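Can you keep this structure in mind? I'll have questions shortly.
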Ligand code: ADP
Ligand code: MG
């Protein structure tokens, strides 16, 4: 069991950012309206995610850290048909196998909750404690017991970049959730959580970028696309400025990136990346998420039709704005 956890951990827990992704997804699944994230030393020393979601029942807390105890579906196929982001029940046991984890959780406003401490898979404490409603997860000394893995970590700055990326994407995917993110005590992001995507964009990319963005909205019988998009600029050579959500879930996709680039390049032949946050909705049967273990890559069943739709939607939005490239 312990070894199985360490092996599984190798798949789920590649670096601090993969831990953070799982913890934030759990907070989102728990229905949180605010999620506070903090990290120290690129997350290698400490990662903390606190939410005001449903919390975990005292008797379920240890179970949540046991492998597959919580798996919500058996096949993993058609993940898009279930409403939650998590589905395998593997994240927490994997994280607890390679770090020192402290979790405090409470399911009501009575002020009481449960505290659990696990180090390298071994339970150190499991007792009642005072706690507000919600869940606080603290992950310390990631990979302390797997030095070979620790050696692969890059600089603090690189790991921080990956952490920011995760927080930004989750914040863009859920403008209705108030996020904060701090690193080594410095506040790096605060989103209002009022449902306004443009305000999340402003918090991440700056107010002038947010102002320059235009609304995009298009649909056909198979797909609906909406979001915000802005022209490429001389300075933005970063593909990370393109965020794709499919049915509300952040993904990476060449099949979506290319038609967006294509649409812009016919108008402005700059080899730059536009700033865009695009949310694509479709029937779950048109997308298969099970391509990538970290659930970031997907396969579309009518890819050519989809590409054509995305390109035309972006073209329509951009040309209707009558841009004057500077
Ligand atoms: P999965 O998300 O795939 O179910 P995880 O290992 O990520 O598996 O989490 C195990 C279980 O622990 C979840 O199914 C959920 O019931 C519970 N859980 C984890 N994090 C939270 C949280 N922040 N709030 C409420 N419940 C949580
Ligand atoms: Mg999960």
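Could you check region 151-172 and list, in sequence order, the residues that are surrounded by fewer than 18 Cβ atoms within 10 Å (Cβ to Cβ) and either farther than 22 Å from residue 41 by Cα or more than 23 Å from the chain's Cα centre (by Cα) (or both)?
151
Could you identify the single residue in 85, 79 that is under 20 Å from the mean Cα position of the chain (by Cα), at pLDDT below 95 and more than 18 Å from residue 135 (Cβ to Cβ)?
Residue meeting the stated conditions: 79.
Condition first: surrounded by fewer than 18 Cβ atoms within 10 Å (Cβ to Cβ), within 16 Å of ligand 1 (Cβ to nearest atom), farther than 19 Å from residue 42 by Cα and at pLDDT 95 or above. Can you find one or more residues in region 188-202 that meet it?
No, every residue in region 188-202 fails to be surrounded by fewer than 18 Cβ atoms within 10 Å (Cβ to Cβ), within 16 Å of ligand 1 (Cβ to nearest atom), farther than 19 Å from residue 42 by Cα and at pLDDT 95 or above.
Which strands (runs of 3 or more DSSP E) does region 120-223 wholly contain that include 3 or more residues that are farther than 25 Å from residue 103 by Cα?
Fully inside region 120-223 and qualifying: 214-219.
What strands (runs of 3 or more DSSP E) completely inside region 237-303 contain at least 3 residues that are modelled with pLDDT of 85 or more and in contact with a helix residue (DSSP H, G or I) (Cβ under 6 Å, 6 or more places away or on another chain)?
242-246
Collect the residues in region 165-193 that are touching a strand residue (DSSP E or B) at 6+ places or on another chain (Cβ under 8 Å), closer than 19 Å to residue 31 by Cβ and without any contact (Cβ under 8 Å) to a residue 40 or more places away in the chain, keeping them in residue-number order.
Once the filter is applied, which keeps residues that are touching a strand residue (DSSP E or B) at 6+ places or on another chain (Cβ under 8 Å), closer than 19 Å to residue 31 by Cβ and without any contact (Cβ under 8 Å) to a residue 40 or more places away in the chain, region 165-193 yields 171, 191, 192.
Still on this structure, I have one more. Residues in region 6-19: is at least one within 25 Å of residue 152 (Cα to Cα), within 14 Å of ligand 1 (Cβ to nearest atom) and at pLDDT 95 or above?
Checked against the condition, which is being within 25 Å of residue 152 (Cα to Cα), within 14 Å of ligand 1 (Cβ to nearest atom) and at pLDDT 95 or above, region 6-19 yields at least one hit.
Residues checked against (1) touching a helix residue (DSSP H, G or I) at 6+ places or on another chain (Cβ under 7 Å); (2) in contact (Cβ under 8 Å) with a residue 40 or more places away in the chain; (3) within 16 Å of ligand 1 (Cβ to nearest atom); (4) at positive phi:
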position: 89; (1), (2), (3), (4): no, no, yes, yes
position: 94; (1), (2), (3), (4): yes, yes, yes, no
position: 100; (1), (2), (3), (4): no, yes, no, no
position: 109; (1), (2), (3), (4): no, no, yes, no
position: 113; (1), (2), (3), (4): no, yes, yes, no
position: 117; (1), (2), (3), (4): no, no, yes, no
position: 127; (1), (2), (3), (4): no, no, no, no
position: 138; (1), (2), (3), (4): no, yes, yes, no
position: 143; (1), (2), (3), (4): yes, yes, no, yes
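The values are calculated or read from the model by the stated rules, or taken from the named source; none is laboratory data. Computed from a prediction, not measured in an experiment: that's the story for all the values here. Backbone-built Cβ (ideal geometry, glycine too); neighbour counts: all protein chains shown.
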